[in-house]
Amino acid sequence: MIRGAVAIFTRDFKKFLSNPFVIVMTLFMPVMYLLIFGNAMGGAIVHIPVGVVQDEPYITETPLYTAAVAELKDFHQPDKPPTFDVTVYTSEEVAKQALSQGRISAAVIFPSDVAADTTVRVYEDSSDYMVPTLIEGGVTASVAASGFPNPVFFNRIYGTVDYIMFFGVGVIVMAIFMTTMMGGAFALIRDRELGIIEGYLVTPVKRSSIILGTIGSTTVRAFLAGTIIFIFDVLITGVVIRQPEDFLLVLLVIFIASIGVTSLVVALASRFSTQQEYASVVAFFNLILFMTSGAFYPILGMPSWLQWIALINPEAYTVHALRSIILRGQGLAIIAPDLIALGIFSTLAIILGIVTYRRTLE
Amino acid sequence: MEHATDSGGPAGSLARGSAPEGDRIIRIQHVSKVFRERKRTVTAVDDVSFDVVAGEIFGLLGPNGAGKSTLIRILTTLISPTSGTAFVGPYQVARNDEEIRGIIGVCPQNSTLDVELTAYDNLVFYGRLLGVEERILPDRAMQLLETADLTDRAHMPVRTFSGGMKRKLEIVRAFLHRPQILFLDEPTIGLDPDSRWEVWLQIKRLNAEKTTIILTTHYMEEAEKLCQRIAFMDRGRLIALDTPENHKRAIPAGDLIEIGIEKMHDGLIPALMATGLIKSAEAKEHRVIISALNGSRVLPAIIAVFERFSMPMTSISIRSPTLEDVFIHLTGRKLDTGIGENSTGGRGQKP
């Protein structure tokens, strides 16, 4: 019994040692989890953009305004940078516009007189996780610290957004990634291992047809998965789709993301000959892209090196675009930068995918 | 034996690569393939030239690593030759690859079936890749499944098939678009005798539809049963090309007669040689092995010698030389020893 066990043990171990790539990845992954997961989640959210306005009729800055804004600028958690980046707006209209376009997370409107019956009005973007709570705490504390009696009134402009609604959008992106990474690409590598791809090559079918068919099938699968999870999301998390255009916009975002991720995955799958190597690389990509996408936690709360990754992370743009449409009801004008970023990513990925896959077919 | 056939049908009579220009469906001229891996270079195919005649079953015979599969991969456009030219039909390899792919069917050595699909779906899928018209595709698929005796299994996943069934399916799949030329790379490797026999039958059936078939094998029996002409390859080179009969005739030793004995007599061998009918004779333990050009005709004379010495014979067998013997004669090595071993041989090496 022992002899057989030792034989199997030796064989497994020999195989494990003969693949340095997989060894490195198995040790690398937990460390990456520590660094990325540990840093991406639960960090102090700082530099929240906030706009301040003193209401009409404007004569001169009231002591309330001066004191509270100073407090707000200075507000911070122990040993952390300031919680708020304060911008001064000249009118309520302009500040609210900036808020609805997502350039600031809250607009604080100070009344023109100091009195217990004139309220400080705060309009806040309630679609983000943690951020509304921080704004509410910060503004309340700042007004109180100013020593004036004005009450504070908060208006969550997107209603109350539960964490499940916030996170649900991220799951759509996860569905796209999972379908392509796990489903499509593994099938592609297995087809190659089994020689099925070589079988294609002796038929008159064009190389471009093989590439188009491969990328096409996986893209559609990813698109369907994303769409199904989106519908699921609507049904169970309680998000509301306000108009049919929003629904179509969501599908557009899911589609562009699907084709980009699929092409990237086809390129990766072409580079790796074994499923094992591919799996370790994909696990890494999945971790870093999903964690820095803002699906779990606001990107504002991440250290700057992760924010840089988020800046080039197509998933971050997908999450932002989807949240803009689903949680905030914003239209094409707001998500245009996201779509441009996704478009650039997808175009590059398609080129990369075609070139690398084509090379494996030659 | 050398004459042209007008029919273009199975042309067992064609020998030594000569045929009218129009009947040569594959022309290979000085083709070489060199693989470079870091500093090591391997010449897998070394200056090979021959023609294949339309309608024949042509065998490429040789040990593992002889370059058969590489040559097939060149002809089926999977890799391009390092030097030399090859024509498949009217098209040149590495220049008109897409046209070539349209007139050939390929059954590679390693299965390329999708085992998760059913037999029928495999055929339909491949039919689409091969450009078979959608209108006739379902009928064509069922017809081929019938050819392969797989009708009752048509809608079962290929995963559940035996090795022989998979092989038969793969061969008919290569025939979906009625190719002019069918390449079969080791079609019966790893099959049990029954399945092998069925695959042979199927190959013959396809050949009867005027398809030229090129098969590689390292089973002599297979080449002997199926092929009208056989090319021997060894270490990348073509060492002989002829009909099976002519190959065997080229062996100087002729037939082998084995006679079992109980006790050896010293005068026997000289007496046998004295008949002038045999080429050689030697005694091995309880056997006498005699080689003669026409075994069955000289046997009575040999038996007479044994009787003269009052030696009782326990057994007699006459064996015609096999292709294995031809290969040993050509290279000095056995066919299944592979390359690199026993490299001192090589008597009678033919260009």
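Could you tell me whether A:Glu245 is surrounded by fewer than 19 Cβ atoms within 10 Å (Cβ to Cβ) and without any contact (Cβ under 8 Å) to a residue 24 or more places away in the chain? Judged against the criteria, A:Glu245 is not a match.
A quick yes/no check of all residues on (1) surrounded by fewer than 17 Cβ atoms within 10 Å (Cβ to Cβ); (2) in contact with a Phe, Trp or Tyr (Cβ under 8 Å, 6 or more places away or on another chain); (3) of a type in the set (D, E, K, R):
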| site | (1), (2), (3) |
| --- | --- |
| A:Gln101 | yes, no, no |
| A:Ile104 | no, no, no |
| A:Phe110 | no, yes, no |
| A:Val120 | no, yes, no |
| A:Thr133 | yes, no, no |
| A:Ser142 | no, yes, no |
| A:Gly147 | yes, no, no |
| A:Pro151 | yes, no, no |
| A:Ile164 | yes, no, no |
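Restricting attention to helices (runs of 4 or more DSSP H) lying wholly within the stretch B:106-177, give those where 1 or more residues are β-branched (Val, Ile, Thr) and either modelled with pLDDT of 90 or more or more than 28 Å from the chain's Cα centre (by Cα) (or both). Once the helices (runs of 4 or more DSSP H) in the stretch B:106-177 are filtered for at least 1 residues that are β-branched (Val, Ile, Thr) and either modelled with pLDDT of 90 or more or more than 28 Å from the chain's Cα centre (by Cα) (or both), what remains is B:119-129.
Listed here are the residues, each with its yes/no results for (1) closer than 16 Å to B:Val88 by Cα; (2) at pLDDT below 90.
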position: B:Ala15; (1), (2): no, yes
position: B:Ser18; (1), (2): no, yes
position: B:Glu21; (1), (2): yes, yes
position: B:Arg27; (1), (2): yes, no
position: B:Lys39; (1), (2): no, yes
position: B:Val42; (1), (2): no, yes
position: B:Val48; (1), (2): yes, no
position: B:Asp51; (1), (2): yes, no
position: B:Ile57; (1), (2): yes, no
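Listed conditions (1) among the aliphatic types (A, V, I, L, M); (2) farther than 16 Å from A:Gly199 by Cα; (3) within 14 Å of another protein chain (Cβ to nearest Cβ) are all met by B:Ala154, apart from (3). Residues in the stretch A:114-146 that are within 19 Å of A:Ala95 (Cα to Cα) and outside any helix (DSSP H, G or I): A:Thr119, A:Val120, A:Arg121, A:Val122, A:Tyr123, A:Glu124, A:Asp125, A:Ser126, A:Ser127, A:Asp128. Restricting to the stretch B:187-221, name every residue that is under 19 Å from B:Leu169 (Cβ atoms), without any contact (Cβ under 8 Å) to a residue 60 or more places away in the chain, not polar (S, T, N, Q) and not in a helix (DSSP H, G or I). Those that are under 19 Å from B:Leu169 (Cβ atoms), without any contact (Cβ under 8 Å) to a residue 60 or more places away in the chain, not polar (S, T, N, Q) and not in a helix (DSSP H, G or I): B:Gly190, B:Leu191, B:Asp192, B:Glu209.
The selection criterion, being assigned by TED's automatic domain parsing to the domain that holds B:Glu221, more than 29 Å from B:Leu71 (Cα to Cα) and touching a residue at least 40 places away in the same chain (Cβ under 8 Å), does not hold for B:Pro179. Considering B:Thr118, B:Thr82, the condition of being β-branched (Val, Ile, Thr), more than 14 Å from chain A (Cβ to nearest Cβ) and touching a Lys or Arg at 6+ places or on another chain (Cβ under 6 Å) is satisfied by B:Thr82 alone. A:Met178 meets each of the listed conditions (1) out of contact with any helix residue (DSSP H, G or I) (no Cβ under 6 Å at 6 or more places or on another chain); (2) closer than 27 Å to B:Arg173 by Cα; (3) more than 10 Å from chain B (Cβ to nearest Cβ) apart from (2).
I'd like to know if the stretch A:190-205 contains one or more residues that are more than 14 Å from every other protein chain (Cβ to nearest Cβ) and either buried (at least 18 other Cβ atoms within 10 Å of the Cβ) or among the hydroxyl-bearing types (Ser, Thr, Tyr) (or both). No, that holds for no residue. For A:Ala349, the requirement of being out of contact with any strand residue (DSSP E or B) (no Cβ under 9 Å at 6 or more places or on another chain), among the small types (Gly, Ala, Ser), over 30 Å from A:Gly42 (Cα atoms) and in the same structural domain as A:Ala257 (by TED's automatic domain parsing) is met. Would you mind stating whether B:Leu268 is under 30 Å from B:Ala208 (Cβ atoms) and touching a strand residue (DSSP E or B) at 6+ places or on another chain (Cβ under 9 Å)? Against the criterion (under 30 Å from B:Ala208 (Cβ atoms) and touching a strand residue (DSSP E or B) at 6+ places or on another chain (Cβ under 9 Å)), B:Leu268 does not qualify. Within the stretch B:165-211, being basic (Lys, Arg) and either in contact with a Cys (Cβ under 9 Å, 6 or more places away or on another chain) or farther than 25 Å from B:Asp23 by Cβ (or both) holds for B:Lys166, B:Arg167, B:Lys168, B:Arg173, B:Arg196.
Does the stretch A:180-192 contain at least one residue that is in the same structural domain as A:Phe247 (by TED's automatic domain parsing) and touching a Lys or Arg at 6+ places or on another chain (Cβ under 7 Å)? Yes - at least one qualifying residue is present in the stretch A:180-192.
Checked against (1) assigned to a helix (DSSP H, G or I); (2) surrounded by fewer than 22 Cβ atoms within 10 Å (Cβ to Cβ), A:Asp338 meets all criteria but (2).
Inspect all residues belonging to the stretch B:95-106 and state whether any of them is touching a residue at least 40 places away in the same chain (Cβ under 8 Å), polar (S, T, N, Q) and within 14 Å of another protein chain (Cβ to nearest Cβ). Among the residues of the stretch B:95-106, not one is touching a residue at least 40 places away in the same chain (Cβ under 8 Å), polar (S, T, N, Q) and within 14 Å of another protein chain (Cβ to nearest Cβ), which makes the answer no.
Table: residues versus (1) over 17 Å from A:Ala349 (Cα atoms); (2) more than 14 Å from every other protein chain (Cβ to nearest Cβ); (3) of a type in the set (Val, Ile, Thr); (4) in contact with a strand residue (DSSP E or B) (Cβ under 7 Å, 6 or more places away or on another chain).
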| residue | (1), (2), (3), (4) |
| --- | --- |
| A:Met174 | yes, yes, no, no |
| A:Val240 | yes, yes, yes, no |
| A:Gln243 | yes, yes, no, no |
| A:Ile259 | no, yes, yes, no |
| A:Ser263 | no, yes, no, no |
| A:Val282 | no, yes, yes, no |
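Would you mind stating whether A:Thr318 is surrounded by 22 or more Cβ atoms within 10 Å (Cβ to Cβ) and β-branched (Val, Ile, Thr)? Yes.
B:Phe232 meets the conditions (1) assigned by TED's automatic domain parsing to the domain that holds B:Ile72; (2) in a helix (DSSP H, G or I); (3) of a type outside the set (Gly, Ala, Ser) in every case but one. The failed one is (2). Checked against (1) within 13 Å of chain B (Cβ to nearest Cβ); (2) at pLDDT 85 or above, A:Ala222 passes all but a single condition, namely (1). Do we have A:Ser280 as at pLDDT below 90 and not in a helix (DSSP H, G or I) here? The answer is no for A:Ser280.
A quick yes/no check of all residues on (1) crowded, with 20+ Cβ neighbours inside 10 Å; (2) in contact with a Gly (Cβ under 7 Å, 6 or more places away or on another chain); (3) outside the structural domain of B:Leu215 (by TED's automatic domain parsing):
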site	(1), (2), (3)
B:Gln29	no, yes, no
B:Lys39	no, no, no
B:Arg73	yes, no, no
B:Glu98	no, no, no
B:Val115	no, no, no
B:Leu123	yes, no, no
B:Gly127	yes, no, no
B:Val132	no, no, no
B:Ile136	no, no, no
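The single residue among A:Ile59, A:Ile36, A:Ile45, A:Ile23 that is outside any helix (DSSP H, G or I), among the β-branched types (Val, Ile, Thr) and modelled with pLDDT under 85 turns out to be A:Ile59. For the stretch B:304-322, the tally of residues that are in a loop (DSSP other than H, G, I, E, B) and over 30 Å from B:Glu222 (Cβ atoms) stands at 4.
The values are calculated or read from the model by the stated rules, or taken from the named source; none is laboratory data. This structure is a prediction, so every number in the text was calculated from the model and none was measured. Note that we place each Cβ from the backbone using ideal geometry, even for glycine, and neighbour counts take in every protein chain shown.
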